[in-house]
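Every number here is computed from the coordinates shown, using simple stated rules; none is lab data. The shown structure was predicted, so the numbers you read here are calculated from the model rather than taken from an experiment. Quick reminder, even Gly has a Cβ in these numbers, built from the backbone with ideal geometry, and neighbours come from all protein chains shown.
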C-alpha cells in the first residue's frame, strides 16, 4: 500500500521545511487543527468547540483557505484577518500581538501567524478567492472559485494577492501537507456530508470535501468532525449561556474589523448571524483512522475515487510550441481543450510525429494503474499508437486515441514508478504536429482520495450575457439574470434583468467560453405579478430547441430538464407573455452542467 507520507510528497513537493508545531511539550493536552473557508467560519459554526479547546490548553491551529474577500480589495480581506487575530487573542486572554512565519510547503508561500502571548495558538492564511455562495466567484478575481476548481470548470486557482496558484491536485496535496506537518489528533472542518445547492456556501462544502479527502490519507491516529454551515439556522438553538455569551463576545471582537457584518449583539440578533451564534451542529462523522492499515473502501464516509496526480509531476517533451502557448505542461493543466476551441490548453509539438514523447517526473514514487489520454481535438492530428514507459523500464501499449476529443483509457496492474513517458509510435496520415489535449494519471487502489460526488454545477455565470434589450438606466442589465441573486422589483430591481418595453420576441443569450454539456435550466420570472413569461424556447448552439412552459408568477423557479446537450451557447426566446406585461425579463437563470 502506498503510505500517506509518500503521497504527501508526491502531491505537494516537499514537507522538509514545514514546522512540526505539535512536537512542542506545550501540546501535551492535545493538538487540534481547524480548516475552514472564511475568517469567521470557526467563530460562528465551530464554536463553542473552539472556546473549549483553547480553555482546555490544546494547541490549536486554524487554516483559512480563502481570503474571505467577498470580491473586495486587500483592505477588506486583510482587515478580516486582523479581526480573527483579535478574536483569538481575546479568547486566550492575552494581548493581540502576533509573529508571522511561513508554513513551509515548497512552492506555496503561506503565512502562519503565532500568538505571542499564547504560542500554542496559530492561524494560517491561504488567501484563495471567495467563491460566493453559489460558486460563481467574484469578477475582481477572474470569477475563480473552489467549487469551479473542484468540479473541473477551471484548471487552477490563484490567491487574491498572487502569492500562489494551485491545480486541484496541488491544493489537495498542500492541505495534506499542512495537516501532516502539524500532526493534529483532532481535525475540524465544515460540512462534508452536504452537497452544492443545499443552502450552504459553496466554499464551505468544497473545503470540507478536500479536508475529508486529506484525512483519509493522514496516518496519525485522529478524529475528524464536520460542522454544518448556513442551514443550521433551521434547527433548534442548542448553544446557551454562558457559552453563547462567550461565543457572541468573541465574534463581536472580530466584527469590529469586518465592515460587512453586524457589530453589536442587538444588530446581530435581527439577522442570520444571531441564529448561527445560538447554534452549532456537527454532521455525520466518518470512522477514526489511521487508515494506512485499511483499504479505503473499508473507510466510512463518501465514496472513494482516485486522484489524478499528473499535475504534480515535472513535465518535459520532445518539442513544444512555446510561441502559441502549446507547451508540454498544458497536457496536465486539468483542462481538456485545444485547437480549434482554445489552443493554449493543449500540448503540441513542432512538426512532431512518430518518436515524439511527453515525460512526467514525479517528486516521489507513485503507484499507478490507469492513464487517460485525450488527443488534440482537431481532426487532422491524431496519435494512432503509443507506448507508456515507467521508471523500471516496463511498458504498456496504447491504442489509437479517440479522434473526437473523447478519452482513451489505458489500465494495467499497479506500477510503482517515479516517471511516466508517453512515446508516440504511429500517427495518422494527416498529422502535422502531434500532441495531447490532456493526460491524467491515476494511483492504484491504496492511494485513492475520497470525494463526495459533486452536484451538477450552475455554469450560467461563466457565460458572456447579451439580450434583445436591457434597462441600464435602472441597473436591470442582462448580466443580472446570472448574478446568483434571485430577486427583482419590487424588492430589489437592480438584481434582475428587464427589457425596455420587451414582450414576445425578447431574448437572453449566454455564450460560454468553452463547450458545456447541459441537462437542466431553471428560470425565475421577474417577481412582480404584472410581467410574466407564459411561454419560451431554449435554443442551443447546434440549433436544437426545448420548449419552456409558463414561468411561475410567484417568484419560484421553473425547472426545464432535457437530455444532455453539448453546446457553446444558450438562448431563451420569449414566445408569449401575460396581458399585463410591460417589460418582460428574468430574476435569474441557472444552467446546470452534467
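The sum of -39500 (n - 2.57) across all DSSP H runs of n ≥ 4, divided by the residue count of the chain, sets its helix-only mean residue ellipticity at 222 nm to -5000 deg cm²/dmol.
Order by neighbour count: 209, 254, 374, 76, fewest other Cβ atoms within 10 Å first, most last. If you can, show how the numbers build up before the last one.
Numbers: 209 28, 254 24, 374 21, 76 17.
Going from least to most buried by this count: 76, 374, 254, 209.
Starting from the Cα of residue 474, move 7 Å in the Cα-to-Cβ direction to define the label point; list residues of region 549-571 whose amide nitrogen is under 13 Å from there. Hits in region 549-571 for residue 474 at 13 Å: none. Multiplying the sequence separation of residue 402 and residue 195 by 0.36 nm and subtracting their Cα-Cα distance, what value in nm do you get? So the chain would gain 71.2 nm between residue 402 and residue 195.
What's the FRET efficiency of residue 28 with residue 270 using the Cβ-Cβ distance as r and R₀ = 45 Å, to the nearest 0.05? Numbers along the way, then the final one.
On the way: r = 44 Å, r/R0 = 0.97.
That gives a FRET efficiency of 0.55.
Cβ-Cβ distance of residue 260 and residue 426, R₀ of 41 Å, FRET efficiency by 1/(1 + (r/R0)^6): the value works out to about 0.10. In this simple spin-label model, placing a label point 7 Å from the Cα along the Cα-to-Cβ direction at both residue 466 and residue 545 gives a separation of 2.0 nm.
Could you give the length gained on full extension between residue 316 and residue 500, defined as 0.36 nm per residue of separation minus the Cα-Cα distance, in nm?
Details: separation 184, 0.36 × 184 = 66.24 nm, distance 5.54 nm.
This chain segment gains 60.7 nm when fully extended.
Given their separation in residues at 0.36 nm each and the Cα-Cα distance between them, residue 392 and residue 156 gain 81.8 nm when the chain is fully extended.
The structure shown yields Cα extents along the principal axes in Å, and of the options (1) 74, 53, 50; (2) 79, 53, 49; (3) 77, 74, 42 that calculated value carries the label (3).
If r is the Cβ-Cβ distance from residue 530 to residue 102 and R0 is 56 Å, what FRET efficiency results, to the nearest 0.05?
Efficiency, from the Cβ-Cβ distance: 0.40.
Here 576, 158, 567 are placed in order of increasing Cβ neighbour count within 10 Å, fewest first, which gives 576, 158, 567.
Neighbour counts of other Cβ atoms within 10 Å put 588, 320 in the fewest-to-most order 320, 588. Taking label points 7 Å from Cα along the Cα-to-Cβ direction, residue 94 and residue 537 give a separation of 7.0 nm.
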